[in-house]
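Notes for the one structure printed next.
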Amino acid sequence: MRKKVLAANWKMNLLRNEALDLYSNLDLALLNFQEIETVLFPPSIYISELQTKGNLSLGIQNIYFENKGAYTGEIAAAQAKSIGCTYVLIGHSERRELFLESDDLLKKKVNSALAENLKIIFSCGESLEVRTKKDHLSFVKKQLENSLFHLSEKEILNCIIAYEPIWAIGSGLNASEQQAEEMHSEIRYLLAENYSNKISEQISIIYGGSCNTSNAAQLFACPNVDGALVGGASLDKFSFIELAARLK
Ligand code: 13P
């Protein structure tokens, strides 16, 4: 059985005291949901003040692909690991669009993360323009082929795939159950095609994009939606805990 995953991407939000406060309100509450894997992606400068506990893991929002050296401002996978991260987020559309991260660069980050035994949440998803042209399935397929499907069976099992349509992120307009299920089942099919049915059934595929307490129950009811990667609603302790309760 694949695991249910609820991940919080705090992005570039919260001052230190706010982040510590939110964490201290979540860590004990989330222990009540042992059947779910929960992952927090705080701004990296706060991570060493937080702890992995029980079913609560910490992740870093970004890494660079080189191991060390003269790369001012960047953070290596091994450094993230050394402050307690078990996950890294790779392929988020904000990194792709605002920081011009290419499929090729993302592939290098994927390789670097796995070399340091970091697990990956790999984000993919299309723009509204692509969806309007009905090219969304082939677009996401290419993203996965270009940055993820070179991995071995053993390596891909350390990845979670997050489908995050760009038009749904921060817009208040989530994908419908039909839209989410269509893409998630396609991704599962691609995993089966590139690896095997057995592998495909083991990999969690989570949804991101305006997921909140009003729409989570419908999204989580989709057979191929194994959880969520949450932005805005993860900044409120009550919302995030309620999302965990919905996923349980
Ligand atoms: P929102 O939940 O704010 O739409 O953000 C989703 C997201 O980008 C998570 O990575």
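Only the coordinates and a few stated rules stand behind these numbers; no lab work does. All figures in this text were calculated on a predicted structure; none of them were measured in a lab. Virtual Cβ from ideal backbone geometry, glycine too; neighbours counted across all protein chains shown.
Laid out as a table, the results:
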read-out	value
When residues of the stretch 167-177 are limited to those that are assigned to a helix (DSSP H, G or I) and not charged (D, E, K, R), the one surrounded by the most Cβ atoms within 10 Å (Cβ to Cβ)	ALA168
Test set (1) within 16 Å of the ligand (Cβ to nearest atom); (2) assigned to a loop (DSSP other than H, G, I, E, B); (3) of a type in the set (A, V, I, L, M, F, W, C) - ILE161 fails condition number	(2)
Enumeration of residues in the stretch 122-145 that are within 16 Å of the ligand (Cβ to nearest atom), of a type in the set (Ser, Thr, Tyr) and closer than 21 Å to LEU191 by Cβ	SER123
Top-ranked residue in the stretch 220-230 [being away from the ligand (no atom under 14 Å from the Cβ) and over 12 Å from ALA175 (Cβ atoms); ranked as surrounded by the fewest Cβ atoms within 10 Å (Cβ to Cβ)]	PRO223
Out of ALA233, ALA217, ALA180, ALA192, sole residue that is surrounded by fewer than 21 Cβ atoms within 10 Å (Cβ to Cβ), within 17 Å of the chain's Cα centre (by Cα) and assigned to a helix (DSSP H, G or I)	ALA233
GLY84 assigned to a loop (DSSP other than H, G, I, E, B) and either buried (at least 23 other Cβ atoms within 10 Å of the Cβ) or touching a strand residue (DSSP E or B) at 6+ places or on another chain (Cβ under 6 Å) (or both)	yes
Selection from the stretch 24-39 of residues that are in contact with a helix residue (DSSP H, G or I) (Cβ under 7 Å, 6 or more places away or on another chain) and part of a strand (DSSP E or B)	ILE36, THR38
Subset of the stretch 146-158 that is over 24 Å from PHE220 (Cα atoms) and part of a helix (DSSP H, G or I) - its residue that is nearest to the ligand (Cβ to nearest atom)	SER147
The lone exception for GLU97 - which of (1) surrounded by fewer than 18 Cβ atoms within 10 Å (Cβ to Cβ); (2) without any contact (Cβ under 8 Å) to a residue 60 or more places away in the chain it fails	(2)
Residues located in the stretch 24-43, provided they are surrounded by fewer than 22 Cβ atoms within 10 Å (Cβ to Cβ) and of a type in the set (Ser, Thr, Tyr)	SER24
Only one of ILE83, ILE121, ILE60 that is touching a helix residue (DSSP H, G or I) at 6+ places or on another chain (Cβ under 6 Å) and within 23 Å of GLY232 (Cβ to Cβ)	ILE60
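Here's the yes/no breakdown for (1) surrounded by 20 or more Cβ atoms within 10 Å (Cβ to Cβ); (2) farther than 15 Å from VAL230 by Cβ; (3) within 16 Å of the ligand (Cβ to nearest atom); (4) among the polar types (S, T, N, Q):
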| position | (1), (2), (3), (4) |
| --- | --- |
| LYS4 | yes, no, no, no |
| LEU20 | no, yes, no, no |
| ILE45 | no, yes, no, no |
| GLN61 | yes, no, yes, yes |
| GLU66 | no, yes, no, no |
| ASN117 | no, yes, no, yes |
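The rows are residues; the columns are (1) over 19 Å from ILE203 (Cβ atoms); (2) touching a residue at least 60 places away in the same chain (Cβ under 8 Å).
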site	(1), (2)
VAL5	no, yes
ALA8	yes, yes
LYS11	yes, yes
LEU15	yes, no
ASN25	yes, yes
LEU28	yes, no
GLN34	yes, no
SER44	yes, no
